[in-house]
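**Student:** What follows is a structure written as structure tokens; I'll ask about it next.
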Amino acid sequence: MKMAIFAQKRRRRVLLFLTMLVLCVLLSACGKKKKPTETPTPVPTEEQQTPSEASQTSDAQKIYQFAAPKTGDILVKITVKKYGTITVKLFPEEAPKAVENFKALADQGCYNGIKFSRVVADYMIQSGTAQGYTSSIYGGGFEVETSDKLMPVRGALCMADAGEDGTNTSSFFIVQTKASVLRNLSEPLDARYQMTFSDYLKEAYNTKLTEEQLNFYYTYGGAPWLYGHQTVFGQVVDGFDVLDTISEAKVTSHCVPNPGIFIESVTVEVVQ
């Protein structure tokens, strides 16, 4: 009995340590004095390519989330002052409430002129909390919308909530994590702690992924720990270089960009 209790406590300590390890890797950029560049990122190898870039040379074009925009699709252009424009395709069928909320707030100009509230290199960039505005068009928070067709991969546009269902409002974030970062996280788990990344995600985040799903993240990047927990309602189709450059900005110890990074405008259009 004592041995079982000891083993359980040891496993909890290992899980806690591993969680801190992952957080340290993902949050290591906070407080660093990185200087954002105006130049595009180098052309990646096929292994490092983003979904939109890889679509020309792999089977990514067959994946629903990465399919090129077609007539009738809704596109959002997020123009960031001094950085450029990120173009995102929205998915109203899979996340109708999130898409309608985002579109309406954009049309009202709620996102114009606001700052990015959090930037974490190798993880994500977050904005959407307008001056004192933390509600939605529904009068309060709304529920998480999930779909097997959409995953929090690199370039996914997601709703930012307060850590529990029913708290989606106006805040959003874009996942930036590259596939190489995930592979670097998984290797020490296997080598030193004899724990697969899949088992770690299950025990630390209650996120259950098949090997096929996990390999999907190893190929295209993303934040697998968010799977099933966040609303994914869009996918970047252009502007990955802008996303990466913003992710390298100078930030405070709380991951707030310093100097501030501002959204110039968010516009919505339908592909003709």
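**Student:** Looking only at the range 89-111, count every residue that is modelled with pLDDT under 95 and in contact with an Asp or Glu (Cβ under 7 Å, 6 or more places away or on another chain) and tell me the total.
**Tutor:** Of the residues in the range 89-111, 0 are modelled with pLDDT under 95 and in contact with an Asp or Glu (Cβ under 7 Å, 6 or more places away or on another chain).
**Student:** What's the number of the condition Ser186 fails, among (1) touching a Phe, Trp or Tyr at 6+ places or on another chain (Cβ under 7 Å); (2) surrounded by fewer than 17 Cβ atoms within 10 Å (Cβ to Cβ); (3) modelled with pLDDT under 90?
**Tutor:** All conditions are met except number (2).
**Student:** Of all the residues that make up the range 261-272, how many are under 20 Å from the mean Cα position of the chain (by Cα) and closer than 21 Å to Val120 by Cα?
**Tutor:** The qualifying residues number 3.
**Student:** Follow-up question, since we're still on this one. Of the conditions (1) under 19 Å from the mean Cα position of the chain (by Cα); (2) within 16 Å of Ala179 (Cβ to Cβ); (3) modelled with pLDDT of 50 or more; (4) charged (D, E, K, R), Asp59 satisfies every one except a single condition; which number is it?
**Tutor:** (1)
**Student:** Quick one: which residue in Phe116, Phe173 is closer than 19 Å to Tyr227 by Cα, under 15 Å from the mean Cα position of the chain (by Cα) and hydrophobic (A, V, I, L, M, F, W, C)?
**Tutor:** The unique qualifying residue is Phe173.
**Student:** Among residues belonging to the range 70-122 that are in a loop (DSSP other than H, G, I, E, B) and on the phi > 0 side of the Ramachandran plot, point out the one that is surrounded by the most Cβ atoms within 10 Å (Cβ to Cβ).
**Tutor:** Out of the qualifying residues, it is Asp122.
The values are calculated or read from the model by the stated rules, or taken from the named source; none is laboratory data. Remember, predicted model here, so these are calculated numbers, not experimental data. Every residue, glycine as well, gets a Cβ built from its backbone with ideal geometry; the counts of neighbours run over all protein chains shown.
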